[in-house]
1. Closer than 27 Å to Asp376 by Cα, open to solvent by 20 Å² or more (accessible area, probe 1.4 Å), at pLDDT 95 or above and touching a Pro at 6+ places or on another chain (Cβ under 8 Å): does that describe Gly475?
2. Under 6 Å between Cβ atoms, which residue pairs at least 6 apart in sequence (or on different chains) link something in region 97-126 that is farther than 27 Å from Val581 by Cβ and without any contact (Cβ under 8 Å) to a residue 24 or more places away in the chain with a partner that is crowded, with 24+ Cβ neighbours inside 10 Å and of a type in the set (Gly, Ala, Ser)?
3. What residue, of Ala120, Ala60, Ala64, is assigned to a loop (DSSP other than H, G, I, E, B) and surrounded by 24 or more Cβ atoms within 10 Å (Cβ to Cβ)?
4. Could you please let me know if Val59 is in contact with a Ser or Thr (Cβ under 9 Å, 6 or more places away or on another chain) and in contact (Cβ under 8 Å) with a residue 12 or more places away in the chain?
5. Within region 227-249, restricting attention to residues that are closer than 22 Å to Pro177 by Cα, in contact (Cβ under 8 Å) with a residue 24 or more places away in the chain and not aliphatic (A, V, I, L, M), which residue is surrounded by the most Cβ atoms within 10 Å (Cβ to Cβ)?
6. If a residue has to be of a type in the set (S, T, N, Q), touching a residue at least 12 places away in the same chain (Cβ under 8 Å) and surrounded by fewer than 17 Cβ atoms within 10 Å (Cβ to Cβ) to count, how many in region 338-360 make the cut?
7. Find the residue count for region 458-474, including only residues that are part of a helix (DSSP H, G or I) and within 15 Å of Pro423 (Cβ to Cβ).
Amino acid sequence: MNSHVSRRTFLAGAGAAGAVVAAPFVSGTAIASNSTAATIIYNGRVFTGRRKDSVQSAVAIDAAGQIIATGTWASVVRHKGRSTQLIDAQGGTVMAGLQDGHCHPMYAGLRSLSPSLDDAVLTVPQLQDILTSLLQASIDKEPDGWLVVESWNPVGLLPDGTVADKKYLDTLATSRPIALRGSDGHNTWVNSRALQIAGVDSNTPDPVGGIIVRDGGEPTGLLKDSAQDLVTQFIPGPTWDEMLNSFEWAFDQLAAGGVTSLLDAWVEPWQLGAYAELSAADRFPQRITPALLISAGRAADPQAALEWAQRKAKHYAGIPRLNFGSVKIFMDGVIEYPAQTAALLKPYLVDGQPGDNYGELYVDGTTLGAMTTAFDGAGWQVHAHAIGDAAVRAALDGYEIAINHNGQRGNRHTIAHLQLVHPHDYPRFAKLDVIPDMQLQWATRNVWTMEALLPYIGPERHARMYPARSLLDAGAALAGGSDWPVDPLYPWNQVQSAIDRFGLYGEGSPLNPDQGISRVQSLRMHSSGTAYQLHQEDSTGTLEAGKQADLVILDRDITTCDVSEIHEASPQLTMVGGLAVFDASTAKGKATARRSELLAKSAAVTGAGRLSHGALGSELGRHSGCPCTSGSHR
């Protein structure tokens, strides 16, 4: 991680580059100085991301990891010295590294420690068979050891309309507590033993921001949002070393995908300690903005919340590549059946008619406004989870309150997800300089957007889901993210899905294709657009002289290939500050890339459009109903 790319197998010798013919792209050159380059990448389609001279063929990087020139080979070669390392991009795209504006790398790492259902669509008997095999494989944990299974599909029980209930788990031949964690992060399904251990019964009140699903007053075993904590707090965790190793694995996966910067969109104090320890051992390569989680309860006392965040930032200040200044808050839950906790302006439908459920607004606009006013005044950015149109409006109202009080301070408050936005609110993003951070890998036609949604929101709202084009046309500055591990980490599929609204996981036809954006717009959204969200646009996000050499080399030219092939792009080299943090030519790089490819592509097998349980084999270390006893976690 700390060496330049001199060990790469495809490096050309210093004399070889003299024979390279300059590609006839654009003749302009951006030069920072007359410095000698430590590295020159040539023979590529260098997508600079600039509005002028956006495609070049070579880029020069100095020993400090800064770009000193982009242009044709003929214009960049003047920076070649005797020790300059030359990298032949072999015609592939060279561009700024992708930046993930909303993901959860540590939780992705933790999920890798437990067996996974990988979002499979299953009948109850099929699910019971898989759980039985997992119980038998860990029989030594009888009678009290927890069985925790990750990536359960909350909308994937067959036949359609089957709802998770403890009775299906209670019939298994075990006395052990069982917890199935929903891949959406908003649902956990447990058996009666787990409820008993947690002391959850008919007298237990719903916690703030959560729901204990009940039948005649009796808990059914389905817990939503903060109600999950009532049980999961009793699940034993892995060792600290196991956790740190899983976190390093997650950052390696991001680097293999070409991700060089990210916002960790749910950070609690213990995670800051993990970041400090990982940094001291040089075990994460990306530039990371930790968004400290502000609970609904903490948000009610804005000054105390601000002082808490400032104390954490001060205590952990100085960690290289960790950039404080953002907090995260949940405005609502998720829209898909059976959760239906996203806050809507009009109610969910029942048998085609409006019901009485509007979802859950965890924080209203006035409360968010007071909290944002405090953080905004201190120079902090607020990052809000809002999926339903009522939650989006409440977030915009809160941000507007802060701006009216403080004036426009350029903190670029953000709203993530934006599954439904009322058209009246489209222009407010640009007016308030609020960043829409969208996860457009979700914007495809599959069970999550059809069976789990259309009957419950109706065709009018369904036709304007994930309104990327409408927001862009209204002047908003789009940013992008994966929400990994809620969805698979497949960054180039995000880029494609934003364009064709189909991607790898689409079924039938594109979803609301009129909301697709152009190829260049998608590339910028996922690089310079997110850099703007993260306040890094002066140093990253484009390949320009004077900026950091945070970049990726792909195995193909995604600026000209058919859009349907963009998801197949494979990073060959990822750099952060001119240092190779992923190299596909090394043994580790090959193994990491292979695992990433299989995990992502296997998602196409299931109708849910997410990871298929049956498609994952032992090569991945995540198993299809076979022995897996790596433990559980909180």
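The values are calculated or read from the model by the stated rules, or taken from the named source; none is laboratory data. No experiment lies behind these values; they were computed from the predicted model shown. With ideal geometry, Cβ positions are generated from the backbone for all residues, glycine too; neighbour counts draw on all protein chains shown. Surface areas here come from the heavy atoms of the whole protein model, side chains and all, with no ligands, DNA or RNA. Shrake-Rupley method; radii C 1.70, N 1.55, O 1.52, S 1.80 Å.
1. Details: closer than 27 Å to Asp376 by Cα: yes; open to solvent by 20 Å² or more (accessible area, probe 1.4 Å): yes; at pLDDT 95 or above: yes; touching a Pro at 6+ places or on another chain (Cβ under 8 Å): yes.
Answer is yes for this residue.
2. Between residues of region 97-126 that are farther than 27 Å from Val581 by Cβ and without any contact (Cβ under 8 Å) to a residue 24 or more places away in the chain and residues that are crowded, with 24+ Cβ neighbours inside 10 Å and of a type in the set (Gly, Ala, Ser), there is no close pair.
3. Ala120
4. For Val59, the condition - in contact with a Ser or Thr (Cβ under 9 Å, 6 or more places away or on another chain) and in contact (Cβ under 8 Å) with a residue 12 or more places away in the chain - is met.
5. So the residue we want is Gln228.
6. Within region 338-360, residues that are of a type in the set (S, T, N, Q), touching a residue at least 12 places away in the same chain (Cβ under 8 Å) and surrounded by fewer than 17 Cβ atoms within 10 Å (Cβ to Cβ) number 1.
7. First, pick out the residues of region 458-474 that are part of a helix (DSSP H, G or I): 458-462, 468-473.
With within 15 Å of Pro423 (Cβ to Cβ) added as a condition, the list becomes 460-462, 468-473.
Total meeting the criteria: 9.
Table: residues versus (1) open to solvent by 40 Å² or more (accessible area, probe 1.4 Å); (2) assigned to a strand (DSSP E or B); (3) at pLDDT 95 or above.
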position: Leu262; (1), (2), (3): no, yes, yes
position: Ala265; (1), (2), (3): no, yes, yes
position: Trp270; (1), (2), (3): yes, no, yes
position: Gly273; (1), (2), (3): no, no, yes
position: Pro285; (1), (2), (3): no, no, yes
position: Lys314; (1), (2), (3): yes, no, yes
position: Val327; (1), (2), (3): no, yes, yes
position: Asp332; (1), (2), (3): no, no, yes
position: Glu336; (1), (2), (3): no, no, no
